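To start, the structure itself, in structure tokens.
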Amino acid sequence: MHAHPPFRRLIAFILLPTHLAACTTWQTQDLSPQQVIAQEQPDKVLVKLADGSKVVLTGPQVSGDTLSGYDGTEPYRVPLADVSAIELKEADTLLTVGVIFGALVVVGVVVTIAVIESLPEN
């Protein structure tokens, strides 16, 4: 038995967020900002500043005592002394498993409902 096209679209719509989420989270790094930038060479970092604010920098670089990069399209520079933590986006296995499991449960419920509704009435 083949699923009807609208039914396939519904399943794809339900599963799409699991793919788009990419299941990554910002993870605080134990190393200094200089070490993180030098060793990981990340495209983006989340910078936590001593005043409690946060900024996502693209193309981060350390030069002397300054961390620089782009906040959106604007150049951004901050003294390393003002940086309280650096975070990188990393895969979150537990989140990935949870999202996939949740999506499978939803698909199972939708399939069950569709099958029940397609049965002839007695």
A chain fully extended from K54 to S118 at 0.36 nm per residue, minus the present Cα-Cα distance, gains in nm 17.8 nm
Quick calc: nm separation of the 7 Å Cα→Cβ label points for S32 and V111 -> 5.5 nm
Normalised per residue, the volume inside the convex hull of the alpha-carbon atoms of region 39-81 in Å³ amounts to 72 Å³
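Quick note: the coordinates plus some simple rules give every number you see, no bench work behind them. Nothing here was measured: the structure is a model prediction, and the numbers come from that model. Note that we place each Cβ from the backbone using ideal geometry, even for glycine, and neighbour counts take in every protein chain shown.
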